[in-house]
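**Q** One structure coming up, written as structure tokens, with questions to follow.
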There are 2 protein chains.
Amino acid sequence: MLKDFIVSEMPEEEELKAKLKEERAKLSASQMKIKEAGLPVMVLFEGWNAAGKGAVIGKVIRNIDPRFFKVATLDRAPSEEEKRYPFLYRYIKEIPEAGKFRFFDTCWMEEIVDGVLQGKMDEDTYTKRVHSINTMERQLCDNGYLVVKFFMNISKKEQKKRLDALLGDKDTSWRVTDADIKQNKQYDKIEEVYDKYLCDTNQSRTPWYIIDASDKKWAELQVLQFLNQGIDIALKNHTLNVPILQNTFPMEKVQKLSDIDLAGKFLTDEEYDLELKKLQKELKDLGNKVYRKKIPVIIAYEGWDAAGKGGNIKRITAALDPRDYVVEPIASPEPHEKARHYLWRFWTRLPKTGHVTIFDRTWYGRVMVERLEEFCSENDWQRAYNEINEFEKELSDWGAVIIKFWVQIDKDTQLARFTDRQNTPEKQWKITDEDWRNREKWDLYEGAIDEMIAKTSTTFAPWYVLESVDKKYARIKALKIVIREIKKALKG
Amino acid sequence: MLKDFIVSEMPEEEELKAKLKEERAKLSASQMKIKEAGLPVMVLFEGWNAAGKGAVIGKVIRNIDPRFFKVATLDRAPSEEEKRYPFLYRYIKEIPEAGKFRFFDTCWMEEIVDGVLQGKMDEDTYTKRVHSINTMERQLCDNGYLVVKFFMNISKKEQKKRLDALLGDKDTSWRVTDADIKQNKQYDKIEEVYDKYLCDTNQSRTPWYIIDASDKKWAELQVLQFLNQGIDIALKNHTLNVPILQNTFPMEKVQKLSDIDLAGKFLTDEEYDLELKKLQKELKDLGNKVYRKKIPVIIAYEGWDAAGKGGNIKRITAALDPRDYVVEPIASPEPHEKARHYLWRFWTRLPKTGHVTIFDRTWYGRVMVERLEEFCSENDWQRAYNEINEFEKELSDWGAVIIKFWVQIDKDTQLARFTDRQNTPEKQWKITDEDWRNREKWDLYEGAIDEMIAKTSTTFAPWYVLESVDKKYARIKALKIVIREIKKALKG
């Protein structure tokens, strides 16, 4: 794409000025429409050093009220802290919320290209990274994001001229780094790597726009034109329904909830105490190993109200070093969470390597409560099974242990526990009207849960059912599974 | 995709039957909605020999009224006749019209894969073909088509079993070809080629659905489910606005119409007669060479009303063998043309190799009359520049000479000619009320034409302006350009 790139002709000075004025006004006028439509706008700037990425961002944002935009500066290698998260993490953290702009002064491209150039990234990893990026960009679009990607292009000669000019002036010479000079020397080789990446990530709904950045005003005009055009089009798409992709992940065989045998899954107090002590000791040791081996562990709990999730989680955490784990109780999303891709609040709550995060309720809300209460469209939740599998695959590829528990009880057991909560003063806070309302929808939920488990029990992140009519039994089973899966990961 | 493909579990006999019934009814019910919404539905079936492509198509269509579907059987190598057209031609000919289904018993995939397997297709051609296919599928989607792609998958063992069963019965053994047996023997090698193609063409809006075809009823159910799902989603998308891609084609520098010097572009009768005779003789010889060298030639005429297109075309055709050329006068599209992708009526009018087609008005109507009269949406005509460049690039890559003429006169000259037509009984048929109405929009048209010429003057299919205040001058200029371009092609 870069080598064939044809510089369109720059307009004459006066026409350029007139058009700039027009496009600036257009962008300015669109911010309220974006706000009203709740459109999140993500603008990626990549390109050559000294091509003026920062400068053009500086000019573009002058047309937007500071409340409506932020600039993410990711033009640097990941920090040691960031390296302990999946590589997409630091970028996803920065995605805009509905109705707002987020400008990226370099995004995921630079990290990949740098890796290739420094010989740190083999072909397989490159392919995987490109796939992750394409998947994420597709997910963002599918979920209503406008993603506009610019590559600021200058020739080798022009880059040299700019670097020389900076170096020639005492006040600016500090701005030129060794990396800049090296880039200019290796321009041709780097161009090939850029070019390959641009081709590999040029998707129909997130195409690249290559900007002739040889002149600053002209570059600004091109950026504004493409950006305004993209906004125009995105604002016209009210509800976008996108194809549901086929599941291509390897799946585990699963049972329907109604086929699960709850009877006889019972432990005596003695059995329980004995097992609990033994298993917790074992998990404690494993927790330390996981920490030292820097394996991230994600444990996800879903289950019926009053199924015993809280008590179960406590038996796990009791065995762990409080510095190494976090429990994340998941309620309805906050406004700032609701305003972003629905997986964002989970991406940002991931454990770093060597740590454990336990989610008390999870991203599966999308295909249970959000589906049944119509908090999202049918297309949204139908798409979500695959989006979630993609999310978990990303985590699994990163090296995470992912354990998903469905805590199962029958309807009578729930009624007994609800009634007990209602009648026991110190437990009354645990039961709400909503619990009773949800209970009325038991059958609808059961259908949705069966579909969820069937469609998301991948081999790399399977569901485990915890039969929890006897809570003790469920706790011991959970501990055994956690221990087994961590052991597997330590060996692997 | 194929190797990792996980066979989802087939439901039990009874559940399967119930679901089949449900999905069949759903498809049946959707045909009227498709009709009303004017949705064209293109369903591609690819896959292994003996996987049951034909059988499943046969079952699917039972649910649709014969008025609403057709089956295109392209499960064969292109004929000698078809080989004289661009490779996409025989497929594009078959695309469905709005409100109807078209099922493809193999489509462009098979031809590519066969080429690779027979060693007839080098890597460059493969890459180019895949690019052409992805571009075409994207164009179809962008223009409101639903494109659903199925790959019917069976294992090597299953294929062998089926072929053996056919061979073992006198009544069916004739159905097994040498190619079938060869495919089974080379299954693993072919699977790799299939797999690569599936990955290379798996686009977010035209994804592949891989069908486990080990059981016929089960295969039918999967197909119906994915098809119904796709229809559901497509029906929900009323007007889809898609990103305008950046022009990435190499462009020629062009002038604005208002900067074109019309004065002094004049020939005396003597000069004209002399030149005309000489040039037509030359073109006649070249026409023969083009025929023998099998070069396709496309000459496109656009211009103001009364600019002299007709007379100009006559001076070209006078030099050609009537068996070798066709003039295609382009008026408003017929209903069956309007019901398809707007380039369809031009695709189907292409010359075969060695022939010349002259279009009197062209596909550029999209960005002139259709734009200004709002026969298409803004997104439609804005997208069209790139779509047209892609179309012409496809033709150029095929080896076609493409010459585009803009026949230019000024407003006063048009008025004089209109008045003359009005006042001369034998010319009155040439002037209509519409011509006068269009004339009122001269300035709007001029703006649209300037944009059109600027955005579609690619190096491989540039515009040539014919200054036609003196029609003789314009005719001689046209002849010279046609001669020059054909000579270039004969050398190349």
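The values are calculated or read from the model by the stated rules, or taken from the named source; none is laboratory data. This is a predicted model, so every value here is computed, not measured. Every residue, glycine among them, receives a Cβ derived from its backbone with ideal geometry; neighbour counts consider all protein chains shown.
**Q** Please report, ordered by residue number, the strands (runs of 3 or more DSSP E) entirely within region B:32-129 with at least 3 residues that are buried (at least 21 other Cβ atoms within 10 Å of the Cβ) and within 17 Å of the chain's Cα centre (by Cα).
**A** Counting at least 3 such residues, we get B:41-47.
**Q** Continuing with the same structure: Could you please give the count of residues in region A:99-144 that are more than 27 Å from A:Glu337 (Cα to Cα) and of a type in the set (Gly, Ala, Ser)?
**A** 2
**Q** Tell me which of these A:Tyr364 doesn't satisfy, since it passes every other one: (1) modelled with pLDDT of 95 or more; (2) more than 16 Å from the chain's Cα centre (by Cα).
**A** Answer for A:Tyr364: the failing condition is (2).
**Q** Looking at region A:388-403 only, could you name the residues that are in a loop (DSSP other than H, G, I, E, B) and within 23 Å of A:Arg366 (Cα to Cα)?
**A** Result: A:Ala400, single match.
**Q** Does at least one position in region A:21-28 carry a residue that is exposed (fewer than 15 other Cβ atoms within 10 Å of the Cβ), within 14 Å of chain B (Cβ to nearest Cβ), more than 29 Å from the chain's Cα centre (by Cα) and not small (Gly, Ala, Ser)?
**A** Looking for residues that are exposed (fewer than 15 other Cβ atoms within 10 Å of the Cβ), within 14 Å of chain B (Cβ to nearest Cβ), more than 29 Å from the chain's Cα centre (by Cα) and not small (Gly, Ala, Ser), one finds none in region A:21-28, hence no.
**Q** Given the conditions (1) at the interface with another protein chain (Cβ under 7 Å from one of its Cβ atoms); (2) over 22 Å from B:Asn241 (Cβ atoms), and given that A:Ile244 satisfies all but one, which numbered condition is not satisfied?
**A** Among (1) at the interface with another protein chain (Cβ under 7 Å from one of its Cβ atoms); (2) over 22 Å from B:Asn241 (Cβ atoms), A:Ile244 violates only (2).
**Q** From the list A:Ile409, A:Ile388, pick out the single residue that is crowded, with 19+ Cβ neighbours inside 10 Å, within 28 Å of A:Ser132 (Cα to Cα) and not polar (S, T, N, Q).
**A** Step by step, each of A:Ile409, A:Ile388 is checked, and only A:Ile388 is crowded, with 19+ Cβ neighbours inside 10 Å, within 28 Å of A:Ser132 (Cα to Cα) and not polar (S, T, N, Q).
**Q** Here is a follow-up. Quick one: which residue in A:Tyr291, A:Tyr272, A:Tyr301 is surrounded by 15 or more Cβ atoms within 10 Å (Cβ to Cβ) and not in a helix (DSSP H, G or I)? Reasoning before the result, please.
**A** Details: A:Tyr291 fails: not in a helix (DSSP H, G or I); A:Tyr272 fails: not in a helix (DSSP H, G or I).
None of the others qualify; the one that does is A:Tyr301.
**Q** Out of all the residues in region B:296-343, which are in contact with a helix residue (DSSP H, G or I) (Cβ under 8 Å, 6 or more places away or on another chain), without any contact (Cβ under 8 Å) to a residue 40 or more places away in the chain and under 22 Å from B:Gly399 (Cβ atoms)?
**A** Selection gives B:Leu320, B:Asp321, B:Asp324, B:Tyr325, B:Val327.
**Q** Yes or no: region A:319-342 includes at least one residue that is in the same structural domain as A:Ser457 (by TED's automatic domain parsing), assigned to a helix (DSSP H, G or I) and hydroxyl-bearing (Ser, Thr, Tyr).
**A** no
**Q** OK, next. Please verify whether region A:404-412 includes one or more residues that are in a helix (DSSP H, G or I), more than 14 Å from chain B (Cβ to nearest Cβ) and either hydrophobic (A, V, I, L, M, F, W, C) or farther than 30 Å from A:Asp470 by Cα (or both).
**A** No, region A:404-412 has no match at all.
**Q** OK, next. Taking B:Gly47, is it of a type in the set (Gly, Ala, Ser) and either touching a Phe, Trp or Tyr at 6+ places or on another chain (Cβ under 9 Å) or not assigned by TED's automatic domain parsing to the domain that holds B:Glu23 (or both)?
**A** Working: of a type in the set (Gly, Ala, Ser): yes; either touching a Phe, Trp or Tyr at 6+ places or on another chain (Cβ under 9 Å) or not assigned by TED's automatic domain parsing to the domain that holds B:Glu23 (or both): yes.
The answer is yes for B:Gly47.
**Q** Scan B:Glu426, B:Glu485 and give me the residue that is part of a helix (DSSP H, G or I), out of contact with any strand residue (DSSP E or B) (no Cβ under 9 Å at 6 or more places or on another chain) and assigned by TED's automatic domain parsing to the domain that holds B:Ile295.
**A** Of B:Glu426, B:Glu485, the one residue that is part of a helix (DSSP H, G or I), out of contact with any strand residue (DSSP E or B) (no Cβ under 9 Å at 6 or more places or on another chain) and assigned by TED's automatic domain parsing to the domain that holds B:Ile295 is B:Glu426.
**Q** In a helix (DSSP H, G or I) and either of a type in the set (Val, Ile, Thr) or within 30 Å of B:Thr419 (Cα to Cα) (or both): is that true of B:Lys281 in this structure?
**A** Against the criterion (in a helix (DSSP H, G or I) and either of a type in the set (Val, Ile, Thr) or within 30 Å of B:Thr419 (Cα to Cα) (or both)), B:Lys281 does not qualify.
**Q** Right, next: Identify, please: which residue in region A:247-259 is polar (S, T, N, Q), in contact (Cβ under 8 Å) with a residue 40 or more places away in the chain and within 13 Å of another protein chain (Cβ to nearest Cβ) and is, among those, surrounded by the fewest Cβ atoms within 10 Å (Cβ to Cβ)? Lay out the reasoning, then the answer.
**A** Of all residues in region A:247-259, those polar (S, T, N, Q) come to A:247-248, A:255, A:258.
Now narrow it down to the ones that are in contact (Cβ under 8 Å) with a residue 40 or more places away in the chain: A:247, A:255, A:258.
Checking which are within 13 Å of another protein chain (Cβ to nearest Cβ) leaves us with A:247, A:255.
Numbers: A:Asn247: 16, A:Gln255: 13.
If we take residues in region A:247-259 being polar (S, T, N, Q), in contact (Cβ under 8 Å) with a residue 40 or more places away in the chain and within 13 Å of another protein chain (Cβ to nearest Cβ), then A:Gln255 is surrounded by the fewest Cβ atoms within 10 Å (Cβ to Cβ).
**Q** Going by what's in this entry, would A:Thr432 be described as hydroxyl-bearing (Ser, Thr, Tyr), more than 22 Å from A:Leu372 (Cα to Cα) and in the same structural domain as A:Arg366 (by TED's automatic domain parsing)? Write out each step before concluding.
**A** On the way: hydroxyl-bearing (Ser, Thr, Tyr): yes; more than 22 Å from A:Leu372 (Cα to Cα): no; in the same structural domain as A:Arg366 (by TED's automatic domain parsing): yes.
No: the conditions fail for A:Thr432.
**Q** Read through the list (1) within 17 Å of A:Phe151 (Cβ to Cβ); (2) more than 12 Å from chain B (Cβ to nearest Cβ), then give the number of the only condition that A:Leu262 fails.
**A** (1)
**Q** How many residues, within region A:189-241, are over 25 Å from A:Asn63 (Cα atoms), more than 8 Å from chain B (Cβ to nearest Cβ) and touching a helix residue (DSSP H, G or I) at 6+ places or on another chain (Cβ under 7 Å)?
**A** Going through region A:189-241 one residue at a time, the tally reaches 6.
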